1. Given charges of +1 on the Cβ of Lys and Arg and -1 on the Cβ of Asp and Glu, with all other atoms neutral, how large is the dipole of region A:99-238 about its Cα centre, in debye to the nearest 20?
2. Given 25 °C and 0.890 mPa s, compute D for region B:352-410 with the Stokes-Einstein relation, Rh being the Kirkwood radius over Cα pairs; round to the nearest whole µm²/s.
3. Taking A:Lys390 as the anchor, which aspartates and glutamates have their alpha carbon closer than 19 Å to its alpha carbon, excluding any fewer than eight residues away along the same chain?
4. Working from Cα positions, state the angle (0 to 90°, nearest 10) between the long axis of helix B:89-114 and the longest principal axis of chain B.
5. For region B:69-74, take each phi angle, set θ = phi - 60°, evaluate the Karplus expression 6.51 cos²θ - 1.76 cosθ + 1.60, and give the result in whole Hz per residue in order, putting x for glycine and proline.
6. Along the three principal axes, how long is the protein assembly as shown when you take its alpha carbons, biggest first, rounded to the nearest angstrom?
7. Identify, among A:Val399, A:Gly380, A:Met106, the residue whose Cα sits farthest towards the positive end of the charge dipole of the protein assembly as shown, taking +1 on the Cβ of Lys and Arg and -1 on the Cβ of Asp and Glu, with the dipole about the Cα centre.
8. Kindly provide log₁₀ I(q)/I(0) values, in the same order as q = 0.12, 0.17, 0.20 Å⁻¹, from the Debye equation applied to equal alpha-carbon scatterers of region A:211-332.
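Only the coordinates and a few stated rules stand behind these numbers; no lab work does. Keep in mind the model is a prediction, meaning the values are calculated, not measured. Glycine gets a Cβ as well: all are built from the backbone with ideal geometry, and neighbour counts include every protein chain shown.
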Amino acid sequence: MMLQLIAQFDWLEPFRSEVGQRIVLVGALTNVACALVGCYLVLRRMSLMGDAIAHAVLPGIVLAFLFSGSMNIVPLFVGAAAVGLLTTFLTQTLHQFGRVPTDAAMGAVFTSLFALGVVLLKRYITGVHFDVACVYEGSLTGVALDTFPLGGWEVPRQLLTVLPVVVLNLTAILLLWKEFKLSAFDPGLSTTMGYSATALHYLLMALVAVTSVASFQAVGSILVVAMLIVPPATAQLLCDRLSRMVLVACVFAIASAVGGYWLAHRWDVSPAGAMAVFAGGMYAVAVLFAPQYGIVSALVRNLQTSLRILREDLLSMLYRNEELGGRPLSASTAIAAVGGGWLARWAQAMLKRRGRLTVAADGLHLTPDGRERAKRLVRGHRLWEAYLVKHLGLPLDHVHAPADRVEHFINQPLRDELQKAVDDAQQDPHGREIPEFRL
Amino acid sequence: MIGQSITFNIMLGTALLGATAGAIGTFAVLRRRALVGDMLSHAALPGICIAFVIMENRNLIGLSLGALATGLLAIGAVTVICRWTRTKEDAAIGIVLSTFFGAGVVLLSIVQRNTSGNQAGLDKFLFGETAGMRASDVQLLIATALFSLVIVIALYKEFQLLSFDVDFAAAQGWPTLALDLVMMGTLAVVTVVGLPIVGVILMAAMIILPGAGARFWTNHLGRTLAVAAIAGGAAGAVGTFLASPLPNQWFGWQAAEFGASRRSIPPGPLIVLTAAAFFLSSVLFAPQAGVVARALAELRLRLRISREHLLRALYELSEPHLPDRPRITESQLIAHRAWNRPSLDWWLRRAESKGLVKRDDHDVQLTPAGLAAAAEVTRTHRLWELFLVSSAGIASNHVDRDADDVEHMLPAPLVDELEQRLAAAGKLPAMPSDLPQSPHEIWADG
């Protein structure tokens, strides 16, 4: 089914090769492993701890290699987890007892450890392919070519490393779901309730370190950093629930593996780099267009509110003018009176298009529909004024401005309540009629 | 000779870089933006690649301009993300860092495909090529150092304000955003110039370590900058020297041509480890803020507090018999204040060695010097108690504990002032001795 689908579309061509599928598979699993723990890093505002650990494990790897004499994964895990915890511990200790600011402590620790790793590497390891640049960039293609047969499939050997880590992370998160959740949002409360935030923090850091090492060979440390931080941060822009955030982060992690590989194949570039770029691109889109927290979405929302307020101001102004029996206002006067500018002109055009007012030779006229809406607004305004005078004892000349601001946000239930609160008054404090309005 | 002059040139260059990065980095550390240096050095990679593609050569200034461009772009991106989204600063830095670096890796694979030989490899970018430093690079470093110096001198007070109290700076009407950008921009310039020499990670270290270490030696910004610059410069020179052939010959390490053999350790990591040694020794051994100094100070304070407790207990037990100095048994002391016997013994031995008490068997007697010291301690204690009773309205049976906590911290002028004020208000009881009477009963038997 999937393969048929792939065969059908030209642009899915990159996914036809078996190597390509393996790259995507390994990449996706690695990314998911990172994103799972990354959510908690982002929530605890420790994102850069991921960066620090991803770099600082180098001496751990080198030492493990020196002692075990092989690239066997188990000693590498142990060495990396140990140095990862050491990084966390040193950062914490420097901050707590040395009074170094957290970020400086983190930077000092991981750069020094990294330098130590490079020195150890250059000094003691020869003859083996142990390229630091490779630790940085990873070699997804190499990983995809290193396979073993399993039930008729060629399975990448890297899966043996990554899959257990995914399972480990998933198990830890599911088992300690509420503990991690609590300590992510309120470490103090978590500790007082008996779930030590510090212990959970160290556990999380150990998971991060193990995940980093498992991912190095495939995607390199920089993609580890990208996947620890970017998909969770993207998910955070879209969700307000932790469970959804974790799920969405995993989806983005898989998407960046797929999309990144597609880009890499298209441009014939490093897959790991392309995955990081793709993830960054998705984050950028989320920054702009996330429904709740996106920049553009917020701008559009603000614009809509501004337009609505201008429209309502225009309507109620025309209503008051009618009420006073004045001559109809000309369009330009009305627009100038609500502040002028292109927004006000736009608001007036919208009103006209929606049939709330007509433009005649002598000026603007409300349509019956427009008048009804204007009544609603003016009623809310005057009820509010009456309420302010009756219950807050504000002087008469102080009530118009607040009512002017709040009238746009008074709905029918509130109007009913206000009406009750002012004992069904028929007039506002200035002696003007509170217009009746019934749906 | 020639080899040594090359070494000297490189040492000069790395020292200049270390000094500049140290001084500018101090501001980054104080501004809690230490990891911006890390981000900048990662974000430079795509710029370097683009510049390389455009210019098709490895002109250092051209590549630096490219790096600077993407570095500034990265700073802009972080600023925008922090200001207008719910993403926090740490995540923003991480996102920009990894995405830009990913883009750099992508561009790099394009560069390496399209050009032959003579390419800027990732390896060189990551770890720098200290050994490849030329005279023109040293000139560029001198120019950068002067540029940073001018910026720091010109904007000294603005940067100072920004580093310690941004909100106050904003309230005073300083353009904090613009100043921040200038500060980070200068940092970007230094980072970019240093990148080809020490590499990405290690450049971040050059920015953070000297400044973070210097902070321990002085509380004065100008002096912190100077210490950071000197430490950074020294780290550069010493690290380069350690990597040079000379010490290798001295210590019987691998004698190799400078940077030629794959096994020889590149200077970059050694520079960083030297800087790390400075940082660590600052954290531990700085005279006032260092961990050891603070631990010692605290230990001294604890010793003094315990000694003063002992003296006051002895005074209170001796008080009924003054001006005689009676012998007091250890059991009396234990009943008076909860000590356990071994620690009391230890405290008494310390007091004896200071000539404050005389001991034989299980009896203790204040020496004249000890009596004077004990009287002084007790005077402070009682004056504070009287002050609490008369001015803070605290019940007399509640003041002993409070005074017990604070008596060790009261400076002599304050105690004198307290005495004068209490005397002026007529609240010092007339006493045969010059010590006020305790406002509460002394619990002679525990």
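1. Values: 6 positive and 7 negative charges, 56 e Å.
So the dipole magnitude of region A:99-238 works out to roughly 260 debye.
2. Details: Rh = 12.9 Å.
Estimated diffusion coefficient is 190 µm²/s.
3. Filter leaves A:Asp404, A:Glu407, A:Asp416, A:Glu417, A:Asp423, A:Asp424, A:Asp428, A:Glu433.
4. 20
5. 4, 6, x, 5, 4, 4
6. Rounded to whole Å, the extents work out to 113, 92, 62 Å.
7. Among A:Val399, A:Gly380, A:Met106, the one farthest towards the positive end of the dipole of the protein assembly as shown is A:Gly380.
8. Scattering profile of region A:211-332, log10 relative to I(0): -0.58, -0.88, -1.05.
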